[in-house]
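Worksheet: the structure to be examined is printed underneath.
The values are calculated or read from the model by the stated rules, or taken from the named source; none is laboratory data. These figures come from a predicted structure and were not determined experimentally. So basically every Cβ, Gly included, is an ideal-geometry build from the backbone, and we count neighbours across all protein chains shown. Heavy atoms of the whole protein, side chains included, go into the accessibility calculation; ligands, DNA and RNA do not. Shrake-Rupley method; radii C 1.70, N 1.55, O 1.52, S 1.80 Å.
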Amino acid sequence: MDKLTGIAVIGTGYWGKNHVRTYSELVAEGIIDHVKICDINEKRAQELGKAFNIEYLTDYKDILSDPDIDAVSIVTPSPTHFPLAKEFMEAGKDVLVEKPMTMDYTEAEKLTEIAKSTGQILMVGHIFRHHPAVKELKNRIDIGEFGNIRMMSSNRLSYGAPRKDMGVVYALGIHEVDMFCYLLDVEYPKNVTATTLCSLQSDIEETAMITMELGENTTAYAFESWLMPAYGKQRDLVVVGSEKAAKIDYLKPQELHIYDIRIEETDFDGKTAYSVENEGDYIIPIPYAEPLKEELKNFVHCIQTRERPLSDGFIGQRAVKMAEAVLESAKTGRKVSF
Ligand SMILES: NC(=O)c1ccc[n+]([C@@H]2O[C@H](COP(=O)([O-])OP(=O)(O)OC[C@H]3O[C@@H](n4cnc5c(N)ncnc54)[C@H](O)[C@@H]3O)[C@@H](O)[C@H]2O)c1
């Protein structure tokens, strides 16, 4: 049998643990050969290594020249993504780096250049592109089922302590800015306007309101907050077209809610009148698949075939550029155009 893929997870904190669990499932399914883990927190690495019966290390440099490791998932704090991803690609490893790809556009650009010059796969953890309900929605938008998309709206709300490495724009809003462009096949929005609230620390915003104008007369709104106790953990997306609308609850990958509803325009005595035509709503059931597992399977597929990932370096780089624009708009109070 040909050698299967060996993968190491660098960083096994809150989110890295999920990469480890998911790769362990892929090992059990015979999709990859083995997983190793690395965390500078030895206790954490040891415990997880024991729980999944896998080898653990505490110095990522030991993986750079490990012939059994073809690729790494980098799930460390965001400011460390750039140096780690650079070093691993230069050492000949394929890289999946979590979002945000970097905290700086120039660094993101450098990583895509390195991927191009070394031929390494560079993927960024824009997990919602791999969400089954998003895939279904995107297919339906692409075939014109929704007509012209007029508005999109997304909420990511919860109540909790702020992250140490970044505010809501890089932690959450980065998902939205990518998703809005992805759904409409737009390279960049026309412009972005945003306000943020930093109520605890001056450099870590806990709330952001983002408005993006994109495509043909489409406006998209995102509301991100760690300061909203009223709705539990809310993660949703609403897309409103001229023919139909849809809602995704990101926490329910197996459902796409369709609203067969539209505004009809009629001429009456030389005046335009508007009315609502509502033919009801229904849920499209979708076979359950865990978004992270879909993402990691896409990564493994690309390692093995050298195909381009669904969320490649350019996607990550572009999202960083848009996140920077969001923060610039919030700081200056001005619209930022692309
Ligand atoms: N795609 C998603 O939906 C999603 C969700 C959550 C977090 N994330 C991203 O994942 C990344 C990690 O977030 P988290 O919440 O798991 O953080 P975390 O602080 O819980 O975990 C980070 C881990 O990295 C380890 N680490 C730091 N430097 C290291 C190094 N040089 N070598 C090895 N280990 C090192 C730390 O000891 C820690 O265990 C962030 O970039 C975050 O944006 C993505």
Item checked: Contact order relative to length of the chain, as percent, for alpha carbon pairs under 8 angstrom and 6 or more apart -> 19 percent
Next item on the list: For the chain, with a Gaussian network of springs between Cα atoms less than 10 Å apart, report the residue from VAL35, VAL27, VAL97 with the top mean-square fluctuation.
Entry: VAL27
Item checked: ALA8 long-range amide H proximity, modeled H, under 5 Å -> LYS36, ALA71, VAL72, SER73
Next item on the list: Loop only per DSSP, at most 11 neighbouring Cβ atoms within 10 Å: give me the GluC sites (Glu not before Pro) in the stretch 22-68, ordered by residue number.
Entry: GLU29
Margin query: For a quick size check, give me the Cα extents of the chain along its three principal axes, largest first, whole Å.
Written below: 78, 47, 41
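Got a number for carbon plus sulfur as a percent of the chain's accessible area, 1.4 Å probe?
50 percent
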Check: Exactly which trypsin sites (Lys or Arg not before Pro) in the stretch 135-241 are in a DSSP loop and have at most 11 other Cβ atoms within 10 Å?
Finding: LYS164
Next item on the list: Quick one: check the C-alpha center-to-center distance for the stretch 29-49 versus the stretch 208-248, whole angstrom.
Entry: 36 Å
Checklist line | Amide H partners (placed H, <5 Å) of GLY125, local residues excluded | finding: VAL97, GLU98, LYS99
Check: Averaged per residue, what accessible surface does the chain expose to a 1.4 Å probe, in Å²?
Finding: 47 Å²
Next item on the list: Would you mind checking which residues have amide H under 5 Å from ASP281's amide H? H placed 1.01 Å from N; only 5 or more apart, or other chain.
Entry: ASP260
Next item on the list: For the stretch 1-95, state which trypsin sites (Lys or Arg not before Pro) are in a DSSP loop and have at most 10 other beta carbons lying within 10 Å of their beta carbon.
Entry: LYS3
Margin query: Output wanted: per-residue J couplings in Hz (rounded whole) for the stretch 326-338, from phi through Karplus 6.51 cos²θ - 1.76 cosθ + 1.60, θ = phi - 60°, x for Gly and Pro.
Written below: 4, 5, 5, 4, 5, 6, 8, x, 10, 6, 10, 9, 10
Notebook entry, point to check: If you plug each phi of the stretch 294-299 into the Karplus form 6.51 cos²θ - 1.76 cosθ + 1.60 with θ = phi - 60°, what whole-Hz ³J(HN,Hα) values come out, in order, with x for Gly and Pro?
Noted result: 4, 4, 5, 5, 5, 4
Next item on the list: For the stretch 311-320, just list the computed ³J(HN,Hα) in residue order, Karplus coefficients 6.51, -1.76 and 1.60, θ = phi - 60°, integers in Hz, with x standing in for Gly and Pro.
Entry: 10, 8, x, 4, 4, x, 5, 5, 5, 5
Next item on the list: Between VAL320, VAL238, VAL186, find the one with the highest GNM mean-square fluctuation for the chain; connect C-alpha pairs within less than 10 Å.
Entry: VAL186
